[in-house]
Amino acid sequence: MPLDHRRVPGPEESQSPLLFVPAGAEDGEVEAAAANGDRDPSALQPLFARVGLLSQAKGSAYVELSGGTKVLCAVAGPREAAAGVGSGSGSGSGTGSGEPGGRLVCEFRRAPFSSRGARLRPGGSERDPELALALQEALEPAVRLARYPRAQLEVSALLLQDGGSALAAALCAAGLALADAGVELYDLVAACALCRPPRGEWRLQPSEPEERAAAARLTVALLPSLHQVAGLLGSGEGGAPESWAQGVRLALDGCQRLYPLLRQSLLRALKRKPPGQEPAEDAAAPAASS
């Protein structure tokens with residue numbers, strides 16, 4: 001009897017892969033646990049950072065959170081700014097003082113496989129330009145753009161996996177990448193994300209299920225040594241103004257606790273940098289909760 005080559009040979013009987021999923025790993029149970037608030041609202045996710053991951057980039061950094069968020073950031077430049085490119089666009093701007101200062105061009109992209117479910121289209125997500133603008137506005141106060149007249153620095157952040165707090169992780173990775181590239185900075189950028197459920201209090205560094213079920217979101221970027229807020233992005237209904245102020249205070253405390261971890265990863269990379277090579281060193285440490 002001739003074989004039918006149009007069919008893939010396989011077992012006559014099969015079982016659903018959901019039978020092999022460990023108990024409690026279904027999305028419904030994860031979201032239910034997030035809604036019940038079964039964690040410390042002020043706890044930080046353990047963070048992993050590696051500096052100098054890309055050899056072809058002037059500076060690079062990789063940041064991963066225990067919730068699954070993975071961000072890779074690369075820095076190019078400084079290079080001569082394109083003629084006729086004005087400030088105020090969504091991808092970059094000048095110093096805003098009329099002087100021939102440098103420009104910071106930021107890009108935020110998502111990998112097609114970054115989110116669960118259907119793959120993203122080649123055009124990317126609709127929120128990518130908004131997140132790129134937020135990335136630029138939070139990084140500009142940290143970079144000494146006046147030291148790079150008529151030049152531009154390019155920062156590219158790639159979200160490999162979205163497990164929640166993606167913008168905050170991208171800001172931390174971008175600050176490390178700028179420092180790895182030798183760009184003059186006022187301070188490293190530490191960022192934290194928060195979310196507030198419809199009935200509950202603010203939660204620090206939320207996971208992706210917590211963000212989807214949240215009524216309000218908040219991302220705060222801080223220059224810890226200068227005690228200066230570099231960026232703030234909020235959306236949703238967070239309640240009374242005092243509720244938003246409480247969220248900002250919680251985020252500032254989280255940024256101060258993240259700063260030693262970011263600084264340690266950078267210092268270790270610099271101390272162990274071989275002569276003539278880019279610095280590269282791992283830094284993995286759990287973030288202590290208050």
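The values are calculated or read from the model by the stated rules, or taken from the named source; none is laboratory data. Note that the coordinates shown come from a computational prediction; the quantities given were computed from them, not determined experimentally. Methodologically, a virtual Cβ is constructed for each residue, glycine included, from the backbone with ideal geometry; neighbour enumeration extends over all protein chains shown. Please note that ligands, DNA and RNA were not included when accessible areas were found on the heavy atoms of the full protein model with its side chains. Shrake-Rupley method; radii C 1.70, N 1.55, O 1.52, S 1.80 Å.
Structure values in brief
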quantity: Probe 1.4 Å - accessible area at TYR148, Å² to nearest ten; calculated: 40 Å²
quantity: Cα-centre dipole for segment 203-244 with unit charges at Cβ (Lys and Arg positive, Asp and Glu negative), debye to 20; calculated: 80 debye
quantity: Filtered GluC sites (Glu not before Pro), segment 175-273: DSSP coil and at most 16 other beta carbons within 10 Å; calculated: GLU184, GLU201, GLU237
quantity: Net length gained if the chain between GLN256 and ALA151 were fully extended (0.36 nm per residue, minus Cα distance); calculated: 34.6 nm
quantity: Within segment 197-238, backbone nitrogen closer than 16 Å to the virtual label 7 Å beyond the Cα of ARG249 toward Cβ; calculated: 201-204
quantity: Kirkwood-Stokes translational diffusion coefficient of segment 164-267, alpha-carbon pairs, 25 °C, 0.890 mPa s, µm²/s; calculated: 176 µm²/s
quantity: Charge dipole of segment 162-242 about the Cα centre (unit charges at C-beta), most positive-ward option of ALA173, LEU232, VAL183; calculated: LEU232
quantity: Table column - 3J(HN,Hα) (Hz), segment 142-158, Karplus curve with 6.51, -1.76, 1.60, x for Gly and Pro; calculated: 8, 9, 7, 5, 5, 7, 10, x, 6, 10, 9, 10, 10, 10, 10, 10, 10
